[in-house]
Every structure is written in C-alpha cells, then in structure tokens.
1. For a quick check: with amide H placed at 1.01 Å from N, whose amide H comes under 5 Å from Ala331's, ignoring anything fewer than 5 positions away on the same chain?
2. If each residue of separation counts as 0.36 nm, what is the full-extension length gain between Val7 and Thr198 once their alpha-carbon separation is subtracted?
3. So for the stretch 391-464, Kirkwood radius off the Cα pairs, Stokes-Einstein at 25 °C and 0.890 mPa s: how many µm² s⁻¹?
4. Which whole-Hz ³J(HN,Hα) couplings does the stretch 348-362 yield from phi under the Karplus relation 6.51 cos²θ - 1.76 cosθ + 1.60, θ = phi - 60°, glycine and proline marked x?
5. Rounded to whole Hz and in sequence order, give me ³J(HN,Hα) for the stretch 376-393 from the Karplus expression 6.51 cos²θ - 1.76 cosθ + 1.60, θ = phi - 60°, writing x for Gly and Pro.
6. Taking amide H positions as placed in the peptide plane 1.01 Å from N, state which residues far from Ala275 in sequence (5 or more) or on other chains have amide H under 5 Å from it.
7. What are the ³J(HN,Hα) values, in whole Hz, obtained from phi via the Karplus relation 6.51 cos²θ - 1.76 cosθ + 1.60 with θ = phi - 60°, for each residue of the stretch 195-202 in sequence order, with x given for Gly and Pro?
8. According to a simple spin-label model (label point 7 Å from Cα along Cα-to-Cβ), what is the distance in nm between Trp110 and Ala357?
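Rule-based calculations on the coordinates, nothing more; no lab input. Note that the structure is predicted; figures quoted are calculated from it, not measured. Counting neighbours? That spans all protein chains shown, and the Cβs are built from the backbone with ideal geometry, glycine included.
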Amino acid sequence: MSLEASVVGLVDERGSSAAVDVRYLCGSPGFRVVGAQAVPGAPQWGLFEGVSERQRERALAWQRHIQEVECGLPVGPGGSGVPRPAYDPARWSMAEREQAKAEELTALGWPKVSRATVVRMRANYRRRGLWGLVDHRTTRGSSRAGRADERVVVAVLEALRRQRGQSKGTVAGLRRLTVEILDEAHGPGTVAIPPAATFYRLVRSLADPMELPGRPARTATVPVAPFTPTNVLRPGEQVMLDTTRLDVMVVFDQGVVGRPELTIALDVATRSILAAVLRPASTKAVDAALLLAEMAVPHPMRPGWPKVLELSHAAVPYERLLALDARLDGAAARPVIVPESVVVDRGKVFVSEAFLAACETLGVSVQSAPPRQPAAKGPVERTFGSINTLLCQYVAGYTASNVTRRGRDVASQARWTLPQLQDLLDEWITAGWQNRPHEGLRHPMMPRACLSPNEMWGALVAVCGYLPVPLTGDDYTELLPVVWKAVTDRGIRVDHRTYDHAVLNPHRGHPSPVTGQGGKWEVHHNPHDLRQVWIRLPNGKLTEIPWIHRDHATSPFNDHIWQYLKTQVARCPDRDHYEAALVRALDDLLLRARTANTNSNERARTARHITGTARPTDALDTTTAATTATGKGAGTGTDTGRKNTHREDGNGLVPQQAADRRQSERHDIPDPWQPWAESLDDAEADMDELGGEGPETGFPLYNARLEAEQW
C-alpha cells in the first residue's frame, strides 16, 4: 500500500493494483486496520444522565481509579502532579498496579473488589466509556407483561385484536372475552384469570393507547402509518376542501334558528382561506363548485368595509400584481389563487358530477384523502378550530364546542341571519385571518419568525410569479348554481324573493327558447348573495336582475322582531297538527261554499242582511233578546236592548261584546272584539248595519248620513 496526497495505492495478493481515494477507503463499511486497537466510542452522556445519582457518582469514582491505575494520576493522562508510590508506572507493572487498586478499594470498604474486578472495569471503560462503568442491573427495562402468565398475555392480545374496529366497551367486557379465549384454547378453568386490578394494569401495558376501553373508537383495522407532511412550494399547488358544522346559532330564512354548515378552501402553502361558504343545512355540490368560482376571481370590497382592507394596503407587491391583473384594483386583501389540485374527502358533495365538471373546466385535479386518516387533512381541520376560537366565540348565539360548555337558552341569543353572518365571516377573513401570524408559516432558516398568510403569499408570488386566469365576471356567473323559473308580470321568484327589472318587459308571460324545461328561463343565482340574479335572455347573455328590496334589506335582524317570531313559533309547537287543522278548516269552508250550507253564525249574519231596514241598535236588540232567552241576559224588547247598549258587564264589556264573545266560544270562532281578529265577513256585516235601506239581496247601499249620526 502506498499513499500519495489523498490517493491510496493498493496491491492485492495476486499482484493487481488499484488507486482509491482515502476518504472512500476509510468510509467503506468493511475497512479495518489489522492489529490496531479499537478506538473508544464517544461518551454516551444521554444514557449516563438517565440513571440514578448514586450510580453516576459510583461510575465517576471508578473512572478516577481506572485512570490512576493506567497512567498514575486520577485526572488522566497529561495531568499535573506526582503519582503515588503504589501507582508509579516507572516502578510497577500494570498487574501490580491493578492488585494495589483492588487492595486499596477493599480497605476503603468497597464490597467484593478483586484484581479481576479492576481488570473487568478497565475493559468496560475502554469498550463503552463512562456508560460501561454503570451497574447495568439497575438499568434493565421491565417487561410490559411483568410476571403475568404467558398464556394470559396471549389471550389478552387476541381479545384486543378481536375488538379492533368494533364499538368500544369496558375493561370488564374485555376480561370476559379473555376468559372465553382461554377456555377455548386450554379448557374451561385451566388457566386462572388475574384479579381485576392486575388485569387492568396488564391491559394498559399491552394495548395500544388509542385502543384502550373508554377512548374514542378507531375504525381503522391496521396501525396508523407514520405522519409525513406534504411539502408544497407554490400557491395553489395543494388546496384542501372540507365542511363542518359551525358553533354559532343563526336565523334561517324560515325564521327558525340552527347551526349552519361551513365549507372552506384552504391553500396549504400560504394557509390562506381562499373561499368560505355558509349553508343552512347540508352542503350541496353547487356550493362546492361555488368555492372554485370565488377562488378564481378577486374578492370585492363590501359596502361599509374600511379602506385598510383593500389589497393595496396588504403586505404584497401590489403594484406588480396590478400591472399583471387589472381586476385587483379596489379588491379586498385576499389572495387570488386558482388551485392546481384540491384534496377532498369521499363525501358525495366533492365527488358529484357538478363539482368534478367545475374542476375540469378550470383545469384542477381532484385528489381524494386516504380513508380513516384525519391527519391527511390536518391543516384544514385545525383551521376550523381556529375559526371557532378566533371568531365564533365573539358572535351572538355561540354554542361552544360541546354541550358541557354551552350556556342557557343559546337560541334566544341568535341575532344574525345567514347572509349577515356570511358577510361577517368574509370581513373577518380579510381583516383577521389573512393578517394574523400563523404558526405553520415558518422558514426553515428562520424558525423563530412566523409569517401571516398574506405575507407568505407575497413572498411566494415574488418567487413563483403570478399568472392570472382570464376569468371574467361572466365566467364567474356561469359557475353559479342554475334554477329554472318563469318570468311573470311580477318578475322572477326565487326562494320567495322577487327580482324584477325593466329589461324583462318583452319577456313577461312568454316561454323561454329552451323547450326542454317547460318554457322556464335559465336563472343563475348566488345562494349566499341575495341581492341579484342573472337570467339568460334570447341573445345568449346573462343579464343581472336586482332584488326589489335590495336597497332596503341591509338593516340588522333586531331583537324585537326576533322575540316576536320566537313567540309565534312557540304558540304552535306541533306544526304538523296545526297545518292539518288548517287543511280541514279550508276543506270545510270550500264544502260550505259549494253546497250553500251555513253555520249558526253565518245564518245570523244572513238574517241581518235580509231585514234590510235593521239599524245597528236593532241588531243589538236582537242579540240581547237572544241572550235573555237563554237565561244569560236581562230585559227583553227593543227598549231594553237600547238601555243595555252602553252598560258594561263584570269583564268591562258592553252586552253586545259579551254576547259575541260567548258566541265565539261556543262555535270556536275568533273573538271579533280582540285585536287582529276581525274578518272580512264581520266588516261586511258592520257595513250592512250602517247602510240603512237596501235591496232584499242582503247588500244594502252605503248611507253616509246614518254613519255620521252614529258618530
């Protein structure tokens, strides 16, 4: 072998030569120097610090004694001082020094120290360093099963395997299953089961912490794979979509309250919430497609938002972006990112034809998350928790994360409608989330500094560039959900809202050119922005049609209106029976109208109309006489009725009022003297009483003079 610079010349037994780099030679796993002493490894200080203090002191004492035996000084080679006479290497051999050390330690009270003990400790020190001087009887790890019977251990493991993926029970149920397994394998009563406390400790030591009884059930039947984060380097390289129920009570369109569903799109590279959609009930495929539409275009500034929320004030290269995309002028400070791929779960919303068609239109690839692995969508799951803690707990009607944290009568605290909460959420995303430092946005070379989503977007845009997708407002409208509606003389009705404009005048009452929809027109609408819809006219273009109340529907849902609606709903707790009663009443009304059958109240009104010459006081006399005949009134005749006209009873009512109330109670009809209880029939009867003479058809003419005399 020869060495020249960093090249080693090698010659084998047959005379063949080769030149090898010395670094490659020394790094080879099979390289050894024949006859060389083993080089001691680095001290295992981590293991040494894990033992007790008494064992550490004993090992350090052995180190000083061994160094004194080898070099004559307890501080090791190179130390200052004079060796003690019994350990002078110039006078005594190694064996003699070892014997002297054994005798010294025995005289000091060390138990069972001989020359062989000193030789063994020297060898351990040279082989394993300071860790070799530790008494390893104190470092032995205990078995997980301890001294339990091996047959019981096998049975417990089998019981845990059988319950994997099943509904969780208690330790008592697992113990009974273990007994059944032991009886099947070894015969009934052959193997004794440990006591309950011992069995519980055995289960805790053998079971996976996620499979212990009392823990949430894990449906996966295989161990969870190691978590490996996905590295994304570009905005939009990976966008995660998911849906959850928001911890806030809102007022829906029907006047009832409930928790809406929130669907968001989160960019993994920048942790930006690109879009967020609230729905009153289950999210539909059109809502997921709406997310893609909102991601592809800039978010507009809403009326009432402060100027500081504009993109021009954000920590992004606004001038450079504006030169590339003029749509960013006056936009909100939120990123505009068209995703390259979206990660979704296996819900029917994200695998529907509408969502997949929208992704195909924008050139977005769809990637399904692995089943039963929530860590695969960890960023978006954690974002939901942040929304609940950073926003929802400050919103009226907050329900908390579970019922143990929920307050009393949370539903009565709900003040916001779904569109208003959507506007609050959009403003919070722009003002709060996008400008808040995020713990997950740290550069590997600057781990102590965390960036906000807008700052991260600006940094990545400067590196990766910005390529705007040429989506116009018409393209955004085309991605909105479609409903088919008729154009009537009142306009377009969508979800009990009316949309109208003069542009619809030539098409009112006419069928659309699309014959496959029964003459209805194609209408695009944003279910989260009710201010307008878009209709496709015969020219092929989508035309905006405003809501007739767009300029007057911005006031908040005040407490007075909400309490009134709550009272009305509480009066009819059983809505199904109430609506069924209304149907029966309507059927009875139509039957009477068709067959000319009348009830007692209608017959009384008919009699008053037929008289023609009856005056209001005469009507009072008739009613008073009727009540007298039944024993509930006093006096007969017209004069008596007129005397009682202004006399009140015990309830503060004149006789006519009391009679009408008694009659309404007998026939289950509304009280005509209560507010909001008047009917059109009562109004006609009153007008007839004021009318004086008229034809015998029961419809007397209006007489203004008689009315003036009454007042």
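1. Hits under the 5 Å cutoff: Leu311.
2. On the way: separation 191, 0.36 × 191 = 68.76 nm, distance 6.58 nm.
Stretched out fully, the Val7 to Thr198 stretch lengthens by 62.2 nm.
3. Numbers: Rh = 15.1 Å.
Translational diffusion coefficient: 163 µm²/s.
4. Result, rounded to whole Hz: 5, 5, 8, 10, 6, 5, 5, 5, 5, 5, 5, 5, 5, 5, 8.
5. Values, residue by residue: 5, 10, x, x, 6, 5, 5, 5, 4, x, 5, 5, 5, 7, 8, 10, 4, 5 Hz.
6. For Ala275, the qualifying residues are Ala265.
7. Result, rounded to whole Hz: x, 4, 5, 5, 5, 5, 5, 5.
8. Result for the modelled spin labels: 8.8 nm.
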